[in-house]
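Notes to accompany the following structure.
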Amino acid sequence: MRILICDDPREAGEAGAARIGAALQARDEPVLGVATGSSPLPVYRALAEGVGLAGVDVRAVRAFALDEYVGIDPAHPERYAHVVRREVTDRLGLDPSRVHVPDGTAADPDAEAARYEAAIRDAGGVDAQILGLGANGHIGFNEPGSALDSRTRVVTLAPQTRAANARFFAGPELVPTTAITQGIGTILRARRIVLMARGSAKAEAVRAVVEGEVSTAWPGSALQRHPDVTLVLDDEAASLLARAVRRRALESSRA
Ligand code: F6R
């Protein structure tokens, strides 16, 4: 696990974009895995400015979102299909027909989850996956207790997650209670993973991901089993890491 500490959001975005872009460059039809939420936004801004994308045919990129709310009003601006369109597809100039989000309005969400898992596999898997991290350690919407080999499926959102996402809705009770998410096992099949985390609210989860036991109690800890993971943190998110780990991270961030 490689750790970078970049306090400036712009630098963090550029560091993330450089690592994501490098994994896309070698492929004819690269597959990008996208997260929603606030953490990855600096990466999308940097990619939109071309950071890391030299030699990448952006129109050939295929993209798969991590997750989507189930039962959200199809017109709601926080429906991830709309968020991904705004923040990723339009900004980066991707071909919308190549950008995929689980259909949270599907009549049979379980069947939709299975279809989505198969679509990622049929695309050859994800080359570069961008992740955020929940304060409770979730990746995608794999809440604590999720099996480490889980696949795309319908999940119930933890109260903490609904509370954290209430900022995007007119009231906390309006945050959907269920979602379709790629599983932890699905995420771990990506060839490269870049996780973005900022702020003290993420510090405990970051410590569990980096220094804890691999455990369903902290889903992000499963990333320790992946050979190519980079965490891009700010000082606050890194604040609970062992001093030696932080020192090494700061050194490699400056390198
Ligand atoms: C988003 C997702 C979530 C978020 C996480 C952090 O698609 O799957 O895991 O990445 O909740 O959200 P932010 O970045 O808003 O703190």
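Worth a mention:
- Relative contact order, whole percent, for the chain stands at 25, derived from Cα pairs under 8 Å and 6 or more residues apart.
- Cα-based shape type of the stretch 1-90, given that a ≥ b ≥ c are square roots of the gyration tensor eigenvalues and the cut on a/c is 1.5: oblate
- Atom-type composition of the exposed protein surface of the chain places 49 percent of the accessible area on carbon and sulfur (1.4 angstrom probe).
- All Cα-Cα distances of the stretch 196-240, cut into 5 Å bins from zero to the largest, leave 5, 26, 31, 25, 13, 1 percent in each bin in turn.
- Rounded if a/c under 1.5, otherwise prolate or oblate - the stretch 110-153, Cα gyration tensor axes: oblate
- Relative contact order of the stretch 1-151, defined on C-alpha pairs under 8 angstrom at six or more residues apart (%): 27 percent
- Gyration tensor verdict on the stretch 114-255 (Cα atoms; rounded if a/c is under 1.5, prolate if a/b is larger than b/c, oblate otherwise): oblate
- Given R0 = 35 Å, the distance between the Cβ atoms of ASP8 and ALA147 translates into a calculated FRET efficiency of 0.40.
- Taking the stretch 210-245 and a reference point 7 angstrom along Cα→Cβ of ALA26, the backbone N atoms nearer than 19 Å belong to 226-231.
- Using θ = phi - 60° and Karplus 6.51 cos²θ - 1.76 cosθ + 1.60, couplings along the stretch 145-157 (whole Hz; Gly, Pro as x): x, 5, 5, 6, 10, 5, 10, 4, 6, 8, 10, 9, 6
- Segment THR105-GLU49, extension gain: residue separation times 0.36 nm, minus the distance between their alpha carbons: 16.9 nm
- Computed magnitude of the charge dipole of the stretch 25-80 (debye, nearest 20; Cβ of K, R +1, Cβ of D, E -1): 140 debye
- Between ALA60 and ARG115, the distance separating the two model label sites (each 7 Å from Cα on the Cα→Cβ line) works out to 2.9 nm.
- Difference of contour (0.36 nm per residue) and Cα-Cα distance, ASP122 to ALA244: 39.7 nm
- Normalising the average separation of contacting C-alpha pairs (under 8 angstrom, six or more residues apart) by the number of residues puts the relative contact order of the stretch 177-226 at 31 percent.
- Our helix-only sum for the chain, with -39,500 (n - 2.57) per DSSP H run of n ≥ 4 divided by its residues, gives a mean residue ellipticity at 222 nm of -8500 deg cm²/dmol.
- Radius 9 Å from Cβ of TYR69, net charge of other residues (Lys, Arg +1; Asp, Glu -1): -2
- Surface exposure of the chain, expressed per residue as accessible area with a 1.4 Å probe, stands at 42 Å².
- Candidates ALA60, ALA203, ALA170, ranked by Gaussian network fluctuation over the chain, Cα under 10 Å, top entry: ALA170
- Each of LEU133, VAL175, SER200 was placed along the dipole of the stretch 94-227 (beta-carbon charges, centred on the mean Cα), and the one lying farthest toward the positive end is SER200.
- Solvent-accessible surface (1.4 Å probe) assigned to HIS82 amounts to roughly 60 Å².
- The shape of the stretch 29-186 can be summarised by an equivalent ellipsoid whose semi-axes, obtained from the alpha carbon gyration tensor, come to 24, 18, 15 Å from longest to shortest.
- When the chain is treated as a GNM with alpha-carbon contacts under 10 Å, the residue of LEU195, LEU231, LEU94 showing the greatest mean-square fluctuation is LEU94.
- For the stretch 83-169, the Kirkwood hydrodynamic radius from C-alpha pairs, put into Stokes-Einstein at 10 °C and a viscosity of 1.306 mPa s, yields a diffusion coefficient of 106 µm² per second.
The values are calculated or read from the model by the stated rules, or taken from the named source; none is laboratory data. Treat the numbers as computed from the prediction; the structure is a model and nothing was measured. Because the Cβ atoms are built from the backbone with ideal geometry, glycine has one as well, and the counts that use them run over all protein chains shown. Areas reflect the complete protein model, heavy atoms only, side chains present, ligands, DNA and RNA absent. Shrake-Rupley method; radii C 1.70, N 1.55, O 1.52, S 1.80 Å.
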